[in-house]
Amino acid sequence: MTALTSVQLFTVKDALESDLDGTLAEIARRGFTAVEPYDFVRRAAPLAEALSANGLAAPTGHAFLASTSFVNPDGSGTTLPVPSPAEVFDAAETLGMGTVIDPYTEPARWETRAQVEETARLLNAAAELAAARGLRVGYHNHAHELEAQIDGQTGLELLADLLDPRVVLEVDLYWAARAGVDPAALLTALGDRVVAVHVKDGTLDPEAITAYPPADQVPAGTGSVPLAAALEAASALEFAIVEFDAYSGDLFDGIEQSRIFLDARAAS
């Protein structure tokens, strides 16, 4: 299976807020045909119009389905006016989106089995609503779900065991490596539930990774994350999504370099 190459719009969040159409036009000019929106409920209609105008699809997107607040890894955060699942799915339909992925639950929710069971319950309930509308629900990891050890397995693997089979996973390969987990081994363990990956690279320099957001991220294929092996291990991959949490270089150059890496791998 050849995965569709996409880019997570959070990568270019500042440009997107100041110039929606121009930013999407530049993404298309850099060779992308698909994007993964975030915070899309509040701007579903204008975003759909701008995507169409620039020949871009949005098959996946990020929206909170199991949280009411966002707490950053450094402890800072803010209470979010989180839309209801029904509102999220309305917006997803406006955008022609097929899979809505919960992007984050805070580290404090990964300390006990009961907490992970509650997250699974919320995602399963959302998946039930989504299925009635022909949509899928997924979950996206950071490092803390893999750093957590509960009943002899990582928190993410426990979550996978508790999820309705209809709930898919989007594995962030950079954050897996940051957690000290081999991304390829993780994808093998999670199997066909993984339909998407965030193709994100970094030097994993010990000093740079202590910053928030991380200061070590680089274009795909130029860092220390074993991306090629991980992509090879993904048995049911539908979407390979480029993302930077932060990047000191030109972001549009960075996403284009990452796309070229993916294209070269697909052609080999």
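The values are calculated or read from the model by the stated rules, or taken from the named source; none is laboratory data. From a predicted model like this one, the values you see are computed outputs, not experimental measurements. Don't worry about glycine lacking a Cβ; one is built from the backbone with ideal geometry, like all the others, and counts go over all protein chains shown. To get the accessible areas, we keep the full protein, side chains included, count just its heavy atoms, and leave off ligands, DNA and RNA. Shrake-Rupley method; radii C 1.70, N 1.55, O 1.52, S 1.80 Å.
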* Carbon and sulfur together cover what percent of the accessible area of the stretch 4-161 at a 1.4 Å probe radius? -> 52 percent
* Percent of alpha-carbon pairs separated by more than 28 Å within the chain -> 29 percent
* To do: Please build a GNM for the chain, connecting alpha carbons under 10 Å apart, and tell me which residue among THR23, THR60, THR112 fluctuates the most.
  => THR112
* Choose one answer from GLU49, GLU157, GLU207: the residue with the largest mean-square fluctuation in a GNM of the chain with alpha-carbon springs under 10 Å. => GLU207
* Structure fact -> per DSSP, antiparallel bridges as share of beta bridges in the chain, % nearest 5, sits at 20 percent
* Any idea of the accessible area per residue across the stretch 128-268, 1.4 Å probe, to the nearest Å²? -> 39 Å²
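Return one quarter of the surface area of the convex hull spanned by the alpha-carbon atoms of the stretch 146-236, equal to its mean projected area, in nm².
Mean projected area for the stretch 146-236: 6.0 nm², to one decimal.
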* Mind jotting down the three principal axis lengths of the stretch 117-268 based on Cα atoms? Whole angstrom, largest first. => 41, 33, 24
* Structure fact -> FRET efficiency (ALA264, GLU49; Cβ distance; R0 25 Å; to 0.05) is 0.15
* Which residue fluctuates the most in the chain, going by a Gaussian network model with Cα springs under 10 Å, if the choices are SER52, SER258, SER67? -> SER52
